[in-house]
C-alpha cells in the first residue's frame, strides 16, 4: 500500500503530518516515510510542547547559518540563495526517511511523539512525502 502526501510549508519550521499518516494507515506492517527533497527532512519529535519545535529550529539555524554569515564563506553553492546550501547540510544531518511499525492501523508512536516535516528553506514550498506500508 502506497500513497504520497503533499505538505505546504511557509518557510523554516516543523510541520506536523501525524494526523494525515494516521488517517491513511491501515492494517499491520512497517510504514516507511520518505521525503522527495534535498532541502527538508523528516523527524519524530515531541508534539505536546511547541517550544520543542522552536528550540530545534533555533538550534539548527545556529548550527548551520545562512551563507551570508561570515562563518559560511567557504561554501560555493550559493546561487539559489543564502538559505539553500545550509538547507542541504541540515537535510544531510537529519533523516530523510522514517520507519514506524503499524499494528491494526495504529502507529506505534510514543505518547508525545509526532511525525514532522522539517522545512529548511526560507520561502514556501510544496513538499512531497511518500508513504509505503508493507
Rh (Kirkwood; distinct C-alpha pairs) - the chain, Å: 15.5 Å
Residue 6-residue 46 FRET efficiency (beta carbon distance; Förster radius 30 Å; 0.05 resolution): 0.75
Rounded to 10°, Cα long-axis angle of helix 84-93 versus longest principal axis of the chain: 50 degrees
Residue of 101, 66, 50 that the Gaussian network model of the chain assigns the largest fluctuation, springs spanning Cα pairs under 10 Å: 50
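No value in this document is a laboratory result; all are computed from the given coordinates. Computed from a predicted structure; not experimentally measured. All Cβ positions, even for glycine, are placed from backbone atoms using ideal geometry, and neighbour counts span all protein chains on display.
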